[in-house]
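Below is one structure; the comments refer to it alone.
Please treat every number below as a calculation from the coordinates, not as lab data. What you see is a predicted model; the values in this text were computed from it and never measured. Please note: Cβ atoms are built from the backbone with ideal geometry, for glycine as well, and neighbour counts cover all protein chains shown.
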Amino acid sequence: MLKILLASSEVHPFAKTGGLADVAGALPKALRKLGHEVYVVMPAYRSVKAGTVVQQNLSVQMGGQTKKFSVRQALFPDSNVPIYLIDHKPYFDRDELYQDKGKDYPDNPERFAFFCLATLELLKKLNWAPDVIHCNDWQTALLPVYLKTTYKNDPFFKHTATVFTIHNLAYQGLAAHSKLHAMSLEEKLFNPHALEFYGKVNLLKGGLVFADLLNTVSKNYSEEIQTKEFGCGLEGLLHTRKRDLFGILNGLDYAVWDPEFDNDLIKKYSAHKLVDKKPNKEDLQKLFKLPVLPMTPVIGMVSRLDTQKGFDLLVQAMDRIMALNVQLVVLGTGTPEYHVLFEKLHHKYPNQIGIALKFDAALAKKIYAGSDMFLMPSRYEPCGLGQLISLKYGTVPIVRETGGLADTIVDYYGNKRSGNGFTFKPYTAEDLLDTVRRAALTFREKTAWTKLMSRAMLEDFSWNASAKHYARLYKKAAKLKDA
């Protein structure tokens, strides 16, 4: 049995802006089922109401100042995994997690440096020394740095190893050189072999340099980020650490995502009762004020509206996709220019395009259940959860072969016996269009399409396998630490 602390800036169902929260919410429960002792730690944002105070008047020294904090504790729903919430009002009592009106809080580097230091002090106060601290993305990347600098000679952490997971390399947590002192980081760390990155402090780079082992959220992405195209300026460093870099595919929490038990659906269904999926399509068409046409394929998208997600390709190909006699429903928010573009496209094709420019968890489930296909033409996609969810809901994925999309979706035309979706590789509007066309043609072959839906729903991407891979990675890290 291992003692594992998972540190994350967001954890479902306590706080969420993206897929990181889903991982941090599901993995600890899966690890607990394997018999490991798992604690989770997260900031106590204003929106987080859970928990009772278990520690008060704790403090850290940061930038020459004493910063006090308290800690609340809660339990995960349907689990005995505890989550500790670091409560420091000046940093975390804000409307949003990371941004105000779409702009990053200017003190984000200090906020999450404090979170890392407070986490280490909390562990000492609890007298609970983990075998491994699992750090996630730039917000927790200073944990390995502090452990190997500030806490280097602290016997409490003598046997504590670190694993650092990159969920999206593009988000690196950059700070001005002048903020080093405010984050209680030594000046000597500002060099190309540590935290310096083109004249700035790069928090994520700290995790890459100082963590004992690294991983990304799919095997393919772990290889892609070692190239100039996907390395975001860190490909050289990642290549030097390739022996310590692993790819572990994210799982899906089927306790949350399962159409057989989903109360947000107008009609529940399963792979053995696919006929009950049909009312969900009708419901979706009505919700988006589209003509209720059973024989017209509905393509769903639940996504951040951003070029990373392939929306530039989609806009280029849109007129030709509409000519295929399909309907498209889009849920999400993102770059303002895409908001404007989709408003225009909706007005141009009112009977074919439905849009909801917002975040709506219940509507997302209705899209997964009511669509025939789910589109993810991403420029890059570290893992992707949308394609895993759509598989479970019998909604056939159309994806670009990148990152986790390439690891999970097999093209139907390439292998009709094991194919579970439709894929394309070159990042062009023409290849996207051709793949949507192939999917639309297959949709009209009802026997083939029904088999494809059933096969998709019977795929198993649960956290069970992924948690076992993580447990092996933790044990490897712990052995390195004690070597």
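With N residues in the range 297-401, what two-decimal value do you get for its Cα radius of gyration over 2.2 N^0.38 Å?
That works out to 0.97 for the range 297-401.
Tally Lys/Arg at +1 and Asp/Glu at -1 over every other residue whose Cβ is under 13 Å from the Cβ of ALA211; what's the total?
Surrounding charge for ALA211 is +2.
What do you get for Rg/Rh over the range 179-260 if you use C-alpha atoms and the Kirkwood form of Rh?
Rg/Rh for the range 179-260 comes to 1.12.
Could you go through the range 49-54 in sequence order and give the Karplus-derived ³J(HN,Hα) for each residue, using 6.51 cos²θ - 1.76 cosθ + 1.60 with θ = phi - 60°, rounded to whole Hz, and x for Gly and Pro?
9, 6, x, 10, 5, 10
Please give, to one decimal in nm, the separation of the simple spin-label points placed at HIS469 and LYS273, each 7 Å out from Cα toward the Cβ.
3.3
Return one number: the angle in degrees, 0 to 90 and rounded to the nearest 10, between the long axis of the Cα atoms of helix 361-370 and the longest principal axis of the Cα atoms of the chain.
Value to nearest ten degrees: 40.
Multiply the residue gap between TRP128 and LYS188 by 0.36 nm, knock off their C-alpha separation, and tell me the result in nm, one decimal place.
Here the segment from TRP128 to LYS188 would lengthen by 18.5 nm.
Can you pull a Stokes-Einstein diffusion coefficient for the range 347-399 at 4 °C (1.567 mPa s), Rh from Kirkwood over Cα pairs, as a whole number of µm²/s?
Rounded, D is 105 µm²/s.
Mind putting a number on the dipole of the range 134-225 about its Cα centre? Charges go on the C-beta only, +1 for Lys and Arg and -1 for Asp and Glu, and I need it in Debye to the nearest 20.
140
Report the dimensions of the range 235-335 along its three principal axes from the alpha-carbon atoms, largest first, rounded to Å.
55, 37, 22
Counting Lys and Arg as +1 and Asp and Glu as -1, each charge on the Cβ, what is the dipole of the chain about the Cα centre in debye, to the nearest 20?
Approximately 720 debye in magnitude.
Mind giving me the FRET efficiency for THR66 and GLU96? R0 is 30 Å, r the Cβ-Cβ distance, nearest 0.05 is fine.
Efficiency, rounded to the nearest 0.05: 0.65.
Compute the angle between helix 336-348 and the longest alpha-carbon principal axis of the chain, please, reported from 0 to 90 degrees and rounded to the nearest 10.
Rounded to the nearest ten degrees, it is 10.
Label points 7 Å out from Cα along the Cβ direction at THR333 and LEU441: separation in nm?
Going by the 7 Å Cα→Cβ label model, 4.1 nm.
Collect residues whose amide H, placed 1.01 Å from N in the peptide plane, falls under 5 Å from the amide H of THR162; neighbours closer than 5 in sequence don't count.
ILE133, ASP212, LEU213
Expressed in nm², what is the orientationally averaged projection area of the convex hull enclosing the Cα positions of the range 48-192?
In nm², the orientation-averaged hull projection of the range 48-192 is 10.0.
Give or take rounding to whole Å, what are the principal axis extents of the alpha carbon atoms in the range 49-135, in descending order?
Principal extents (Cα only, largest first): 36, 34, 24 Å.
Is it possible to state the helix-based mean residue ellipticity at 222 nm for the chain, with each DSSP H run of 4+ residues giving -39500 (n - 2.57), the sum divided by total residues, to the nearest 500 deg cm²/dmol? What is it?
-10500 deg cm²/dmol
Using the 2.2 N^0.38 Å rule of thumb for compact globular proteins, work out how the range 385-483 stacks up: its C-alpha Rg over that value, please.
1.36
Taking amide hydrogens as modeled 1.01 Å from N in the peptide plane, which residues meet the under 5 Å criterion relative to GLY354, leaving out close sequence neighbours?
The answer is LEU328, VAL329, VAL330.
Say the dipole of the chain comes from +1 at the beta carbon of Lys and Arg and -1 at that of Asp and Glu; which of ASN215, GLY334, SER462 then lies farthest toward its positive end?
The listed residue farthest towards the positive side: SER462.
Once you have the Kirkwood Rh of the chain from its Cα pairs, apply Stokes-Einstein at 20 °C and 1.002 mPa s and quote D in µm²/s.
Result for D is 91 µm²/s.
Compute the FRET efficiency between LEU34 and LEU480 as 1/(1 + (r/R0)^6), taking r as their Cβ-Cβ distance and R0 = 30 Å, and round to the nearest 0.05.
After rounding, the FRET efficiency stands at 0.90.
Say each of THR307 and ALA323 gets a label point 7 Å from the Cα, pointing the same way as Cα to Cβ; how far apart are those two points in nm?
2.7
Once the Cβ-Cβ distance between VAL54 and GLU229 is put in as r, and R0 is 51 Å, what FRET efficiency do you end up with, to the nearest 0.05?
So the FRET efficiency works out to roughly 0.65.
Give, as ranges by residue number, the residues of the range 50-64 whose backbone N falls under 12 Å from the point 7 Å along Cα→Cβ of GLN73.
Answer for the range 50-64: 52-56.
Please report, in whole Å³, the volume per residue of the convex hull around the C-alpha atoms of the range 72-114.
Convex hull of Cα atoms, per residue: 95 Å³.
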